[in-house]
1. Output the residues belonging to the range 236-282 that are under 27 Å from residue 86 (Cα atoms) and in contact with a helix residue (DSSP H, G or I) (Cβ under 8 Å, 6 or more places away or on another chain).
2. Applying the selection to the range 229-243, what residues are under 23 Å from residue 197 (Cα atoms) and either surrounded by fewer than 14 Cβ atoms within 10 Å (Cβ to Cβ) or within 16 Å of the ligand (Cβ to nearest atom) (or both)?
3. Which condition number in (1) among the small types (Gly, Ala, Ser); (2) touching a helix residue (DSSP H, G or I) at 6+ places or on another chain (Cβ under 7 Å); (3) at pLDDT below 95 is the one that residue 68 fails?
4. Among the numbered criteria (1) within 23 Å of residue 89 (Cβ to Cβ); (2) touching a strand residue (DSSP E or B) at 6+ places or on another chain (Cβ under 7 Å); (3) polar (S, T, N, Q), which single criterion is violated by residue 277?
5. Being hydrophobic (A, V, I, L, M, F, W, C) and free of Cβ contacts under 8 Å to residues at least 12 places away in the same chain is the filter; apply it to the range 105-138 and report the residue that is nearest to the ligand (Cβ to nearest atom).
6. Every residue in the range 272-301 that is surrounded by 14 or more Cβ atoms within 10 Å (Cβ to Cβ) and aliphatic (A, V, I, L, M), please.
7. Among the strands (runs of 3 or more DSSP E) confined wholly to the range 141-223, which include 1 or more residues that are more than 11 Å from the ligand (Cβ to nearest atom), surrounded by fewer than 23 Cβ atoms within 10 Å (Cβ to Cβ) and assigned by TED's automatic domain parsing to the domain that holds residue 233?
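The values are calculated or read from the model by the stated rules, or taken from the named source; none is laboratory data. Here the structure is a predicted model, which is why all the values come from computation and not from measurement. Positions of Cβ are generated from backbone atoms using ideal geometry, with glycine treated the same way; all protein chains shown enter the neighbour counts.
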Amino acid sequence: MTALGFYNGQFVQLDSLQVPIEERGHQFGDGVYEYVQIYGGRPFLLQAHLKRLERSLVAIGIPNPYSAEEWTQLINEAVRRSGESEAAVYWQVTRGVAPRVHVFSNTLRPMVSLTVYPRVGQESTHEMSLLAWPDERWTHVWVKTINLLPNILAKEMAKRNGANEALLVREGRVTEGGSSNVWFVFKQTLYTAPANRYILNGITRQFVLKLAAQLNISVAEEPVDWQRVPDADEVFVTSSSAEVTGVSKILVDRQVEGALHSVPPGIPGTLLPELKNIRTVWTGTCPGTVTQRLQQAFSEQLQQLRDAVPAELL
Ligand code: PDD
């Protein structure tokens, strides 16, 4: 199938989309988004994603254009029309269209765009490598804003240097990945950064915390110091797209390492520097035993979703 789009009340082909020039999403990045994966035609943890969407919208003062029921209907309808049972759905809500001034006008009406893409392969069967990168984002990372410039630059740097994901570090502590949450295992205990303003509290992260409790794996929601990373027994990342993916290697560039602890003075010529002194900080078994237990429990949940009796047959 080809990807399907939805814009302001209508299903459309992706290449037919025409966003008004004065739409604030692309002019100011004035909006928020969500992403959910579809398994066996059903969205996974959709209600949790809708709650986080509501929190993001409330945070920046955009009225939610739909109720949870309406969002659920829209997403299910989009998936149905796509004809795809294994798919990925992104949706954005922006503040709307108005003459370009920073402050809000009274006539603004939120705009909704949505895409359904077919999903290929299971990322969780792969292993990942991470490139450590300074987390210089704002201090409201918990809002799932469409302003992703620092994330995309960090991930681009990772890719250019042979890694799959960025490992973001702020003031000497690991926060999260460029588009995922990061977990460490030290002596059979799971560590992941606390859900404060410095991480996006992943829906997958919250689900994995529940799985860990069911499996009697002890968890510390504490930030991991960058200095401690070499001693990790296992590392993995979670996100709606990566599910639970083991990490095999963590890299850092010697020139960049200082910036993991504090913001350097001075203005760099580029935010995409050529890295010449990359070293491996950590390598380990991938996936490790704790990671494997969580992957197993996670895929059982996905299988249950795929096997569930369709609502129309009940
Ligand atoms: N990203 N942290 C960041 C910065 C993210 O962008 C994401 C998700 C996560 C994990 O959140 P969740 O488990 O709810 O997917 C953590 C999505 C997948 C994306 O931007 O494509």
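1. 236, 238, 239, 240, 241, 242, 243, 244, 245, 246
2. Selection gives 235, 236, 237, 238, 239, 240, 241, 242, 243.
3. Every listed condition holds for residue 68 apart from (3).
4. (1)
5. 138
6. 275, 278, 281, 290, 294, 297, listed by residue number.
7. Here the list reads 173-177, 181-186, 189-192, 218-220.
Let's see how each residue does on (1) touching a Gly at 6+ places or on another chain (Cβ under 7 Å); (2) over 16 Å from residue 144 (Cβ atoms):
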position: 19; (1), (2): no, yes
position: 22; (1), (2): no, yes
position: 31; (1), (2): yes, no
position: 34; (1), (2): no, no
position: 39; (1), (2): no, yes
position: 51; (1), (2): no, no
position: 63; (1), (2): no, yes
position: 80; (1), (2): no, yes
